[in-house]
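Worksheet for the structure shown next.
Throughout, read-outs are computed from the coordinates displayed, never taken from laboratory work. A quick note: this is a predicted structure, and the numbers were derived from the prediction, not measured. With ideal geometry, Cβ positions are generated from the backbone for all residues, glycine too; neighbour counts draw on all protein chains shown.
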Amino acid sequence: MIKEAYGLTPLRKSGQEPALRPTKDVQTVGPDGKPIASLIHGVVVRPATTQADERGTLCEIYDPVWGVHEAPLVYVYQFTIRPGKVKGWHVHHLHDDRIFLSQGSVKVVLYDDRPNSPSYRMVNEIYRTDQQRTVMTIPAFVYHAHQNIGTTDALFISMPTRRYNHADPDVYRLPLDGDDIPYQFEHRLGW
């Protein structure tokens with residue numbers, strides 16, 4: 001009755017095969033709410049709790065006692081990504097990245113290009129948001145790209161394990177639309 005009221009007709013008659021073949025969702029998290037996918041070897045994603053009261057909020061960004069990375073804090077900088085934009089693909093040879101997401105919603109895509117790694121050629125797609133802030137460690141020789149999937153600038157605090165060398169940057173890039181990494185960025189409307 002509702003179908004007729006809106007001028008809709010059924011796609012199939014009773015007893016016929018379905019006209020559409022939907023894809024069943026697969027499990028992505030366990031009962032504890034944590035992702036079940038394996039991370040690339042050496043990648044660490046540590047939650048950062050935001051404390052709130054009537055005055056505002058406080059969020060600890062990094063503390064060596066967390067064991068996120070053994071290297072000392074030697075250099076800190078901030079960067080942003082505008083809505084819909086992607087920064088990447090890039091990789092470092094001499095340092096690991098430690099990146100805190102302070103504001104925004106992003107998709108981080110990682111590709112392990114280390115032949116001796118147990119996760120060699122693995123791709124990770126990790127979603128990060130300011131509603132559940134994290135600090136992420138990305139090892140050297142793991143390609144990474146960040147895509148802002150939100151509507152405001154995404155704000156990051158980066159704490160690499162080595163100071164930036166302006167005369168000889170430890171940054172090596174690949175084109176986003178190349179075939180070297182088995183991942184393609186696309187604009188998705190959702191389901």
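Here is how the numbers come out for the structure above:
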item	result
Cα principal axis extents for the chain, largest first, Å	69, 50, 32
The chain - charge dipole about Cα centre, Lys and Arg +1 at Cβ, Asp and Glu -1, debye rounded to 20	520
Within a Gaussian network of the chain (alpha carbon springs, distance under 10 Å), most fluctuating of 113, 25, 170	25
Inter-label distance, nm, simple model (7 Å from Cα along the C-beta direction), residue 166/residue 63	3.5
For segment 48-116, alpha-carbon Rg relative to the globular expectation (2.2 N^0.38 Å, N residues)	1.39
Projected label distance in nm at residue 86 and residue 155, using a 7 Å step from Cα toward the beta-carbon	2.6
Radius 15 Å from Cβ of residue 80, net charge of other residues (Lys, Arg +1; Asp, Glu -1)	+2
Amide proton proximity set for residue 114, modelled H, under 5 Å, gap of 5+	121
MRE, 222 nm, helices only [DSSP H, n ≥ 4, -39500 (n - 2.57), over the chain, to nearest 500]	-500 deg cm²/dmol
Relative contact order %, segment 42-173, counting alpha carbon pairs below 8 Å whose residues are six or more apart	39
Non-local Lys pairs in the chain, i.e. 8 or more apart or on different chains, that have alpha carbons under 25 Å apart	7
Using θ = phi - 60° and Karplus 6.51 cos²θ - 1.76 cosθ + 1.60, couplings along segment 132-147 (whole Hz; Gly, Pro as x)	8, 4, 8, 10, 10, 9, 10, x, 4, 6, 9, 5, 8, 9, 10, 10
Exposure proxy order (Cβ contacts within 10 Å, fewest to most) of 89, 66	66, 89
